[in-house]
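As structure tokens, the structure follows; a few thoughts come after it.
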Amino acid sequence: MIHAVTNTKGGTGKSTIAFHVLCSEAARLGRDFAMYELDEKNLTTEVFHNSEILDGRGQTLTLDYTVAAIGEVIYESIVENKEVIVDIGGGRDTDEVLHALANSGEIVRYYVPVEGKEAQITNAMGTIDMIEAAGGRANLIVNRTKGWTKDDCGANDIFGDKALKIKGDESILERVDNIYFIMDNPYFDHAQRDNMLLGDFIKEGSIHRDEMKLILSKLAMEKAKETGEFGKTIYSRNWKIWDELRKAYEFYQNIASQNILGL
Ligand SMILES: Nc1ncnc2c1ncn2[C@@H]1O[C@H](COP(=O)(O)OP(=O)(O)OP(=O)(O)O)[C@@H](O)[C@H]1O
Ligand SMILES: [Mg+2]
């Protein structure tokens, strides 16, 4: 299947969703995948050189090669049966790319990331118009939210807020198949600083707490012998680091539970 992330507006989270969320999800589900960044201005792919998940599966293609790229995208999906994730940078040829994907005969799932603010919603509607004109249906990703549900996500311009007497406008929901929520969080940045995807970053966090206590105690004892530092100091330092990874892992469970890839 082809998974196309698109929004003509810049900075709404297209690359973040495509890389950190969709690639990590494909890996979690044990699916072979390929990642195409159709945006020569951003070169996000290069950032993730420590990612085991992405390892050789990501490519940046310049817009000049859009048509050739689409051919490759379709081939990988249909012939090689991969999940092919496409980050469609907000360039002027978005429309052309959407049509090329839609005419491929392959199933395409479209994702439109948007922050729940009025101006962004209007813009997302324009992108949804383009997807529909190409014969597709959009999935909405409400990004940078305060919570994981429509009641606590804080996207008041869509869902309203009774307490604040904000009415909201749910008309965008009628135009999408699914709606997903991604909370505002520091972990995309943390993972990226280590040149990893979120899915790589959280791996150690999945280790059970009790097991981690044993691992870190042993490590602290060995290091203390080696360095003369207090074992307790070493332990608490490492525990603090791991505790962040644990939080990132717990954060990720909220993404995993939404089955965003629809597989
Ligand atoms: N859920 C989130 N929580 C915290 N930060 C986020 C989240 N989503 C996106 N960001 C941050 O917002 C910024 C813009 O995101 P991103 O680069 O993915 O947008 P984009 O749509 O790909 O932009 P462009 O149009 O320039 O390609 C990045 O710094 C990213 O780390
Ligand atoms: Mg981008």
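General observations
- Qualifying residue in the range 137-151 (condition: among the acidic types (Asp, Glu), surrounded by 14 or more Cβ atoms within 10 Å (Cβ to Cβ) and farther than 15 Å from Val5 by Cβ): no
- Matching entry among Ile241, Ile255 (being of a type in the set (A, V, I, L, M), closer than 19 Å to Ile17 by Cβ, out of contact with any Gly (no Cβ under 9 Å at 6 or more places or on another chain) and not assigned by TED's automatic domain parsing to the domain that holds Ala191): Ile255
- Neighbours by Cβ (under 8 Å, 6+ apart or cross-chain): first from the range 3-15, within 18 Å of Asp189 (Cα to Cα) and in the same structural domain as Ile128 (by TED's automatic domain parsing); second within 10 Å of ligand 2 (Cβ to nearest atom) and part of a helix (DSSP H, G or I): Ser15/Thr44
- Considering the range 27-73, the residues that are of a type in the set (Phe, Trp, Tyr) and within 16 Å of ligand 2 (Cβ to nearest atom) include one that is modelled with the highest pLDDT, namely Phe48.
- The single condition among (1) more than 23 Å from Asn254 (Cα to Cα); (2) away from ligand 1 (no atom under 13 Å from the Cβ); (3) outside any helix (DSSP H, G or I); (4) not small (Gly, Ala, Ser) that Glu46 does not satisfy is (3).
- Taking the listed residues Glu96, Glu106, the one that is in a helix (DSSP H, G or I) and either buried (at least 22 other Cβ atoms within 10 Å of the Cβ) or not basic (Lys, Arg) (or both) is Glu96, with no other qualifying.
- Residue in the range 104-113 that is modelled with pLDDT under 90 and at positive phi present: yes
- Residue check for Ala163: assigned to a loop (DSSP other than H, G, I, E, B) and either outside the structural domain of Met125 (by TED's automatic domain parsing) or surrounded by fewer than 19 Cβ atoms within 10 Å (Cβ to Cβ) (or both): yes
- The lone exception for Trp242 - which of (1) closer than 28 Å to Ser15 by Cα; (2) surrounded by fewer than 15 Cβ atoms within 10 Å (Cβ to Cβ); (3) over 14 Å from the mean Cα position of the chain (by Cα) it fails: (2)
- Breaking point among (1) buried (at least 20 other Cβ atoms within 10 Å of the Cβ); (2) polar (S, T, N, Q); (3) within 24 Å of Glu244 (Cα to Cα), for Thr127: (3)
- Here Thr12 meets the list (1) of a type in the set (S, T, N, Q); (2) more than 14 Å from ligand 2 (Cβ to nearest atom); (3) in a loop (DSSP other than H, G, I, E, B); (4) surrounded by 19 or more Cβ atoms within 10 Å (Cβ to Cβ) almost entirely, failing just condition (2).
The values are calculated or read from the model by the stated rules, or taken from the named source; none is laboratory data. The model shown is predicted, which means the values in this text are computed figures rather than measured ones. Here the Cβ is made from the backbone with ideal geometry for all residues, glycine too, and neighbour counts use every protein chain on show.
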